[in-house]
Amino acid sequence: MTYSNSLSDDTVPLILDTSVLINLHASRCGVDILTSIPNPIVVAKVVACELENETSRRNGEEAFLRALSAAGHVTLADLSEASIR
């Protein structure tokens with residue numbers, strides 16, 4: 001049996017949403033997981049804005065994303081429907 005996944009081409013960006021980032025942070029292994037993926041990792045700026053609330057700041061999710069971006073593990077980008085087609 002063969003399996004196919006969207007990560008078979010390491011040039012295709014992997015786009016993360018808010019729930020994925022929250023779960024990666026909660027796993028306490030998020031940096032290790034993300035740095036093991038060869039694909040470029042992109043987070044929409046709208047996702048970053050979603051983490052700018054009191055709960056996400058208190059839980060450390062906003063700081064987690066900020067640190068990932070500062071270290072170059074993820075790229076924050078403006079994404080429109082046209083840009084992801």
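Compute the angle between helix 61-70 and the longest alpha-carbon principal axis of the chain, please, reported from 0 to 90 degrees and rounded to the nearest 10. Between the helix axis and the principal axis of the chain, the angle is about 60 degrees.
When the GluC sites (Glu not before Pro) in the stretch 49-78 are filtered for DSSP coil states and for at most 13 other beta-carbon atoms within 10 Å of their beta-carbon, the remaining sites are Glu52. Residue farthest toward the positive end of the dipole of the chain, with Cβ of Lys/Arg at +1 and Asp/Glu at -1: which of Ala63, Leu76, Val47? Checking the options against the dipole of the chain, the answer is Ala63. Compute the acute angle (0 to 90°) between the alpha-carbon long axis of helix 18-27 and the principal axis of greatest extent of the alpha-carbon atoms of the chain; round to the nearest 10°. Approximately 80 degrees, to the nearest ten. Think of a 1.4 Å ball rolled over the protein heavy atoms: the chain then has 68 Å² of accessible area per residue. Other residues whose C-beta falls under 11 angstrom from the C-beta of Glu50 contribute a net charge of -3, scoring Lys and Arg +1 and Asp and Glu -1. The listed residues Ile15, Ile41, Ile22, once ranked by accessible area (1.4 Å probe) with the largest placed first, stand as Ile15, Ile22, Ile41. Using a simple spin-label model with pseudo-atoms 7 Å out from Cα toward Cβ, Ser36 and Ala67 lie 1.8 nm apart. Computed per residue of the chain from DSSP H runs no shorter than four, each worth -39500 (n - 2.57), the mean residue ellipticity at 222 nm is -11500 deg cm²/dmol.
So how strong a dipole does the chain carry about its Cα centre when Lys and Arg Cβ are +1 and Asp and Glu Cβ are -1, to the nearest 20 debye?
160
When Rg and the Kirkwood radius Rh are both evaluated on Cα atoms of the chain, their ratio Rg/Rh stands at 0.99.
The values are calculated or read from the model by the stated rules, or taken from the named source; none is laboratory data. Note that the structure is a prediction, hence the values are computed from the model and not measured. So basically every Cβ, Gly included, is an ideal-geometry build from the backbone, and we count neighbours across all protein chains shown. With ligands, DNA and RNA removed, areas are computed over all heavy atoms of the protein, side chains included. Shrake-Rupley method; radii C 1.70, N 1.55, O 1.52, S 1.80 Å.
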